[in-house]
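Quick notes on the structure that follows.
The values are calculated or read from the model by the stated rules, or taken from the named source; none is laboratory data. Quick caveat: nothing in here was measured; it's all calculated off a predicted structure. Note: ideal-geometry Cβ built from the backbone for every residue, glycine included; neighbour counts use all protein chains shown. Please note that ligands, DNA and RNA were not included when accessible areas were found on the heavy atoms of the full protein model with its side chains. Shrake-Rupley method; radii C 1.70, N 1.55, O 1.52, S 1.80 Å.
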Amino acid sequence: MKSGFIAVAGRPNVGKSTLVNALAGGKVAIVSDKPQTTRRRIFGIANAEDSQLVLVDLPGFQRPLDALTERMQRTVDSAFEEVDGVLFVLSARERIGAGDRFIAKRVFALGVPVVIALNKVDRLKGGHIAQQMTAAARLGNFHALHPVSAKTGDGIGELRDELVGLLPDGPLYFPADQRTDLTVETQIAELVREKALQLTRDEVPHAISVEVEELGERFVRAHILVETDSQKQILVGKAGAMVKDIGVRARPEVEALLGHPVFLELMVKVRPHWRRNDATLERLGL
Ligand SMILES: Nc1nc2c(ncn2[C@@H]2O[C@H](COP(=O)(O)OP(=O)(O)OP(=O)(O)O)[C@@H](O)[C@H]2O)c(=O)[nH]1
Ligand SMILES: [Mg+2]
């Protein structure tokens, strides 16, 4: 049995979580077009007959702005301590630049193999991909470089085989049918947050957090936390239209996760400055 842990590093929004989902063969991490979607460490587990590849999905590298982003960056730093390799994700759709070089400095100094995934190659011309691969190759002494599309699945099988090849002989760290380490409550909270992120923009997505208050047989109650009254108005929407829409979008996925129908009750609450409040962050598991 080959088993071990691969940390997934990269700038915000390059597609780390989408890639983890593709590699794990199912949704473990939420995804959005807003940067800083991932706030906590999430294991995405790719099980096979003779291997268990644990992908450590992480927040993107960033300059900390408040207690939340400080904790997020600490999560990234500490995740590098005991891994068998790093999957360094780049976006082929953006200039490979200073932000990527900053991360490269960290990951290439860890002393473990670094596999580069040049993501989002779908719909890009061959010449452009080749150029980006050349730029990516300059970042450091990589073990392998794979152009992939987490969205279409292009190159994912090859990348998974490459990563499994880095794993030492080891035990099963998780039951072979488990795909993530998140609790059911956290998975539900994340699904609700994903839908709220899809429907909001500017500063609002960053001010949203979700907490499951009650998980019953056929009933889930969750709070959508925001920081100000005006954010609350946005999330509630005209005559409750927005919060209703979030519920309509989240419920099928919550039901798929639980395996049965549920009544999903969502309430929007103001929790001033929750991003700066260590006690609240602790409670939210961040
Ligand atoms: N075209 C294209 N879009 C992609 C691909 N992979 C991810 N995306 C999009 O890129 C955006 C960011 O994806 P995420 O997976 O949330 O990115 P992330 O790196 O985890 O972002 P953070 O958690 O915020 O650091 C989403 O809109 C995805 O749909 C891809 O292969 N091709
Ligand atoms: Mg993410």
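Looking for whichever is surrounded by fewer than 20 Cβ atoms within 10 Å (Cβ to Cβ), in contact (Cβ under 8 Å) with a residue 12 or more places away in the chain and not in a strand (DSSP E or B) here; the options are 75, 37. Which one fits? Reasoning before the result, please.
Numbers: 37 fails: surrounded by fewer than 20 Cβ atoms within 10 Å (Cβ to Cβ).
None of the other options fit; the residue is 75.
Return the residues of the stretch 1-15 that are within 17 Å of residue 83 (Cα to Cα) and open to solvent by less than 10 Å² (accessible area, probe 1.4 Å); say none if nothing qualifies.
Within the stretch 1-15, 3, 4, 6, 7, 8, 9, 10 qualify.
Give the stretch 88-107 a look and list any residue that's within 12 Å of ligand 1 (Cβ to nearest atom) and assigned to a helix (DSSP H, G or I), or say none.
Residues satisfying the conditions are 99, 103.
Every residue in the stretch 131-150 that is open to solvent by 50 Å² or more (accessible area, probe 1.4 Å) and either without any contact (Cβ under 8 Å) to a residue 12 or more places away in the chain or not in a helix (DSSP H, G or I) (or both), please.
Across the stretch 131-150, the qualifying residues are 131, 134, 138, 141, 142, 143, 147.
Identify, from the list 66, 122, 57, the residue that is of a type in the set (D, E, K, R) and surrounded by 23 or more Cβ atoms within 10 Å (Cβ to Cβ).
Sole residue among the options that is of a type in the set (D, E, K, R) and surrounded by 23 or more Cβ atoms within 10 Å (Cβ to Cβ): 57.
So how many residues does the stretch 165-207 have that are of a type in the set (Gly, Ala, Ser) and either open to solvent by 60 Å² or more (accessible area, probe 1.4 Å) or without any contact (Cβ under 8 Å) to a residue 12 or more places away in the chain (or both)?
Residues that pass the stated criteria total 2.
Take the residues in the stretch 23-65 that are more than 10 Å from ligand 1 (Cβ to nearest atom) and modelled with pLDDT under 95; name whichever of them is farthest from residue 150 (Cα to Cα).
65
So, restricting to helices (runs of 4 or more DSSP H) that lie completely within the stretch 215-286, which ones have at least 2 residues that are among the charged types (D, E, K, R) and touching a helix residue (DSSP H, G or I) at 6+ places or on another chain (Cβ under 6 Å)?
Ranges flagged: 241-258.
Do you know which of the residues in the stretch 16-31 that are within 8 Å of ligand 2 (Cβ to nearest atom) and assigned to a loop (DSSP other than H, G, I, E, B) is surrounded by the fewest Cβ atoms within 10 Å (Cβ to Cβ)?
Looking at residues that are within 8 Å of ligand 2 (Cβ to nearest atom) and assigned to a loop (DSSP other than H, G, I, E, B), I get 31.
Residue-by-condition table, conditions (1) within 12 Å of ligand 1 (Cβ to nearest atom); (2) of a type in the set (A, V, I, L, M); (3) touching a helix residue (DSSP H, G or I) at 6+ places or on another chain (Cβ under 7 Å):
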| position | (1), (2), (3) |
| --- | --- |
| 120 | yes, no, no |
| 125 | no, no, no |
| 134 | no, no, no |
| 151 | yes, no, yes |
| 154 | yes, no, no |
| 163 | no, yes, no |
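Please go through the stretch 151-164 and pick out each residue that is open to solvent by 30 Å² or more (accessible area, probe 1.4 Å) and in a loop (DSSP other than H, G, I, E, B).
Answer for the stretch 151-164, where residues must be open to solvent by 30 Å² or more (accessible area, probe 1.4 Å) and in a loop (DSSP other than H, G, I, E, B): 151, 152, 153, 154.
Of the numbered conditions (1) more than 30 Å from residue 189 (Cα to Cα); (2) open to solvent by less than 10 Å² (accessible area, probe 1.4 Å); (3) touching a Ser or Thr at 6+ places or on another chain (Cβ under 6 Å), residue 114 fails exactly one; give the number of that condition.
(3)
Can we say residue 176 is assigned to a loop (DSSP other than H, G, I, E, B), touching a Ser or Thr at 6+ places or on another chain (Cβ under 6 Å) and not β-branched (Val, Ile, Thr)?
When the stated conditions are applied, residue 176 does not pass them.
Only one of (1) more than 14 Å from ligand 1 (Cβ to nearest atom); (2) farther than 23 Å from residue 143 by Cβ; (3) touching a residue at least 24 places away in the same chain (Cβ under 8 Å) fails for residue 80. Which number is that?
The single condition residue 80 does not satisfy is (2).
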